[in-house]
Amino acid sequence: MDLQTPPQPAPDADSAGFWAATAAGELRLCRCADCRRWHQPPLERCPACGGATGFELVSGCGRIKSFIVVRHPAVPGYLEDLPYVVAIVDLDEQEGLRLPGRLLDADPARVDVGRAVRAEIVDLPGGDFRVGAFRLPDPAP
């Protein structure tokens with residue numbers, strides 16, 4: 001096992017649009033063309049109405065729903081970053097639209113549920129992929 005390289009994504013037919021967008025520096029998520037519901041993870045057809053889906057740009061703004069502080073080496077490629085925060089973020093576009101990601105440059109002691117965050121696209125070490133991550137845009141109160 002290579003301890004310097006994190007696992008790399010394996011794009012498939014459903015997720016290819018997401019990975020193409022991040023490669024271009026954009027955060028695009030799956031959305032139904034008919035009922036306009038967002039879906040994450042992406043699906044070929046909308047489970048609500050059966051409509052076709054595509055990928056549309058999201059703001060990347062949201063609030064922390066939940067988070068963990070990783071203090072022990074669990075994922076290769078991030079040993080030097082310990083401790084770090086992984087958050088589940090409720091995106092502003094739709095209630096229940098959630099996206100996981102690392103919280104960049106955040107002091108774990110200053111992270112709280114409900115804090116506003118914004119997404120940015122960063123390089124995934126050891127490969128050709130870019131991924132969404134989050135950052136606290138304002139200082140802690």
Requested in this report: Please state which one of ASP92, ASP123, ASP81 is over 25 Å from CYS30 (Cα atoms) and not hydroxyl-bearing (Ser, Thr, Tyr).
Outcome: ASP81
Report task. Consider PRO11 carefully, then state whether it is assigned to a loop (DSSP other than H, G, I, E, B), open to solvent by less than 70 Å² (accessible area, probe 1.4 Å) and free of Cβ contacts under 8 Å to residues at least 12 places away in the same chain. Result -> yes
Requested in this report: Run PRO73 past the list (1) more than 23 Å from ASP112 (Cβ to Cβ); (2) at pLDDT 95 or above and report the number of the one that doesn't hold.
Outcome: (2)
Query raised in the report: Given the structure, is ALA24 within 22 Å of PRO125 (Cβ to Cβ), open to solvent by 70 Å² or more (accessible area, probe 1.4 Å) and either basic (Lys, Arg) or at pLDDT 95 or above (or both)?
Result: yes
Query - Out of PHE55, PHE67, PHE18, sole residue that is in contact with a strand residue (DSSP E or B) (Cβ under 9 Å, 6 or more places away or on another chain), within 14 Å of VAL131 (Cβ to Cβ) and among the aromatic types (Phe, Trp, Tyr) - result: PHE18
Query raised in the report: Has region 99-121 got at least one residue that is in contact with a helix residue (DSSP H, G or I) (Cβ under 6 Å, 6 or more places away or on another chain) and surrounded by 15 or more Cβ atoms within 10 Å (Cβ to Cβ)?
Result: yes
Query raised in the report: Does region 102-110 contain any residue that is without any contact (Cβ under 8 Å) to a residue 24 or more places away in the chain and outside any loop (DSSP other than H, G, I, E, B)?
Result: yes
**Report entry** Within region 67-98, tally of residues that are of a type outside the set (Lys, Arg), open to solvent by 30 Å² or more (accessible area, probe 1.4 Å) and not in a loop (DSSP other than H, G, I, E, B)
**Finding:** 9
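The values are calculated or read from the model by the stated rules, or taken from the named source; none is laboratory data. Because the structure is predicted, anything quoted here is derived from the model rather than measured. Here the Cβ is made from the backbone with ideal geometry for all residues, glycine too, and neighbour counts use every protein chain on show. Just the protein is used for accessible areas: all its heavy atoms, side chains included, with ligands, DNA and RNA removed. Shrake-Rupley method; radii C 1.70, N 1.55, O 1.52, S 1.80 Å.
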